[in-house]
Amino acid sequence: MSTIDRARLLDIYTRTMKVNRTDEKFRSLLMQGKVAVMYYCVRGQELVSAAAMAALTDDDYVVCTYRGQGEQTAKGIPAELWWAECLGKVTGTCKGKGGTMHITYPAKGIMVTTGVVGSGLPIANGLAMASQNNGDGKVTVVSFGDGAANIGAFHEAMNMAQLYKLPVVFLCQNNRYGEHTAFADHTSSESISARASGYGMRGVLVDGNDVHQVYPAMQEAVDRARAGEGPTLIEAMCYRMMGHFFGADFSYMPPEHLAEMQREDPLPKLRKVMLEHQFSAEELDAVVAGIDAEIDDAVTMALAADLPGAEELAIDVLEGAPA
């Protein structure tokens with residue numbers, strides 16, 4: 001088992017619980033009818049995002065999907081700005097124009113949140129190539145699901161990244177379902193990470209519910225990319241413990257899968273690790289209480305904020321060249 005120092009463990013725990021408590025709050029608001037927006041739950045995948053983002057600097061780039069709350073929160077977008085954007089308020093990161101599926105915040109390296117499956121991978125290559133050309137030392141991480149691994153852009157991005165030794169890490173959060181389709185029903189290979197060898201790339205398969213696997217693998221991949229040693233494909237096996245989007249049915253998941261999912265819940269596993277490293281239950285509970293207070297304040301501000309005015313329709317829009 002790898003060793004992670006206590007300070008880093010506390011950092012990962014804090015990021016993980018921020019992701020979880022944000023997800024819990026969002027679902028609570030939706031169920032109460034206080035907000036009505038599209039939201040893709042991240043319950044079950046919190047640790048993957050938190051441990052991955054803990055391996056990056058503020059300057060490193062991230063490209064994520066519509067199920068990107070984990071990366072966005074764990075990378076450090078201020079809660080008040082994130083919530084305002086999700087609720088379509090003018091105080092949000094994109095002045096309320098992006099919403100939950102198109103959040104950007106370059107100040108923390110969140111460069112693109114894409115709603116098109118698989119489209120983030122070539123974008124990540126572009127960012128990584130810019131860093132390579134500029135010599136700025138930045139690493140780009142692109143997060144995507146198992147369903148995206150069967151899109152043509154996945155293969156094109158893999159080939160290009162390895163050919164040019166781009167400083168990019170491909171993070172596949174394999175939650176075992178592409179929308180409603182089980183992994184075995186849409187992919188014939190045993191794993192996504194095994195495909196890396198076809199491009200001459202390093203591929204790593206980890207248990208996304210185990211901090212001692214996710215963080216070291218991510219840190220090594222980031223270090224390799226920053227040192228000019230090229231890309232890595234990491235496949236983190238995890239579970240999506242909710243439907244494809246909030247309110248969606250997930251009765252298509254067989255009972256044995258649901259039982260396994262509950263047994264492998266990353267949150268109690270991480271808490272056990274923290275207790276084994278001499279953190280007290282009181283310390284851990286205090287961290288969560290502080291996070292909840294921060295989220296409550298951010299939500300209050302977001303709900304009270306203004307919606308964008310009609311004049312915003314013509315601002316931040318790229319107009320065509322004059323004839």
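Just check the range 32-159 against the gyration tensor rule for me: Cα atoms, a ≥ b ≥ c as the square roots of the eigenvalues, rounded for a/c under 1.5, and otherwise prolate or oblate depending on whether a/b exceeds b/c. Can you show the working numbers first?
Working: a/c = 1.77, a/b = 1.39, b/c = 1.27.
Prolate, because a/c is 1.5 or more and a/b exceeds b/c.
In sequence order, the range 289-296 has phi-based couplings of 4, x, 5, 4, 5, 5, 5, 4 Hz under the Karplus curve 6.51 cos²θ - 1.76 cosθ + 1.60, θ = phi - 60°, and Gly or Pro positions carry x. Taking a Cβ cut-off of under 13 Å around residue 28, the surrounding Lys, Arg, Asp and Glu residues balance to a net charge of +1, with basic ones at +1 and acidic ones at -1. Computed per residue of the chain from DSSP H runs no shorter than four, each worth -39500 (n - 2.57), the mean residue ellipticity at 222 nm is -14000 deg cm²/dmol.
Of the GluC sites (Glu not before Pro) found in the range 236-323, those that fall in a DSSP loop while having at most 12 other beta-carbon atoms within 10 Å are 319. Converting phi to 3J(HN,Hα) with the Karplus coefficients 6.51, -1.76 and 1.60 and the offset θ = phi - 60°, the range 10-24 yields 5, 4, 5, 4, 4, 4, 4, 6, 5, 5, 5, 5, 5, 4, 4 Hz in sequence order, with x at every glycine or proline.
What are the GluC sites (Glu not before Pro) within the range 220-251 that DSSP puts in a loop, where the Cβ has at most 16 other Cβ atoms within 10 Å?
Numbers: sites: 220, 229, 235; in loops: 229.
Passing sites in the range 220-251 are 229.
Tally Lys and Arg at +1 and Asp and Glu at -1 over the other residues with C-beta under 14 Å from the C-beta of residue 211: what net charge comes out? Within the 14 Å Cβ shell, the charges total -2. Go through 108/138; 18/95; 18/108; 34/89; 25/97 and tell me which ones have a Cα-Cα distance over 19 Å in this structure. Beyond 19 Å: 18/95; 25/97. Database remark: amide H of residue 202 closer than 5 angstrom to the amide H of 233 (H placed geometrically; neighbours at sequence offset of 5 or more, or on other chains; Pro and chain starts carry no H). Spatially, the range 1-21 and the range 177-225 are offset by 21 Å when compared through their Cα centroids. To the nearest 10, the accessible area of residue 119 is 30 Å² with a 1.4 Å probe.
For residue 61, the residues 5 or more places off, or on other chains, whose built amide H falls under 5 Å of its own are 139, 140, 141. Looking at the chain, what % of its DSSP beta bridges pair antiparallel, to the nearest 5? Once the DSSP bridges in the chain are tallied, antiparallel ones form about 10 percent.
Of 17, 301, 31, the residue with the largest accessible area leads and the full order is 31, 301, 17 (1.4 Å probe).
For the range 61-144, give the share of DSSP beta bridges that are antiparallel, in percent and rounded to the nearest 5; count only bridges with both residues there. Working shown, then result.
Details: 1 of 8 bridges.
Around 10 percent of the beta bridges assigned by DSSP in the range 61-144 are antiparallel ones.
GNM remark for the chain: springs join alpha carbons under 10 Å apart, and the peak mean-square fluctuation among 296, 249, 223 falls on 249. May I ask you to list the trypsin sites (Lys or Arg not before Pro) in the range 8-104 that are in a DSSP loop and have at most 14 other Cβ atoms within 10 Å of their Cβ? Sparse-neighbourhood loop trypsin sites (Lys or Arg not before Pro): 34.
3J(HN,Hα) along the range 100-115, derived from phi through the Karplus expression 6.51 cos²θ - 1.76 cosθ + 1.60 where θ = phi - 60°, amounts to 5, 9, 9, 7, 10, 7, x, 4, 10, x, 7, 8, 8, 10, 10, x Hz, with x in place of Gly and Pro. Heavy-atom accessible area, probed at 1.4 angstrom with all protein chains present, ranks 189, 49 as 189, 49, highest first.
How high is the relative contact order of the chain, in percent, counting Cα pairs under 8 Å that sit 6 or more residues apart?
Details: 590 pairs, mean separation 70.7, N = 323.
Normalised by residue count, the contact order of the chain is 22 percent.
Dipole check for the range 166-308: with +1 at the C-beta of Lys and Arg, -1 at the C-beta of Asp and Glu, and the Cα centre as origin, the magnitude is about 660 Debye. Take every Cα pair under 8 Å whose residues are at least 6 apart in sequence, average their separation, divide by the length of the range 40-80, and the relative contact order is 52 percent.
The values are calculated or read from the model by the stated rules, or taken from the named source; none is laboratory data. Keep in mind the model is a prediction, meaning the values are calculated, not measured. Here the Cβ is made from the backbone with ideal geometry for all residues, glycine too, and neighbour counts use every protein chain on show. Heads up: the accessible areas ignore ligands, DNA and RNA and are worked out on the full protein's heavy atoms, side chains in. Shrake-Rupley method; radii C 1.70, N 1.55, O 1.52, S 1.80 Å.
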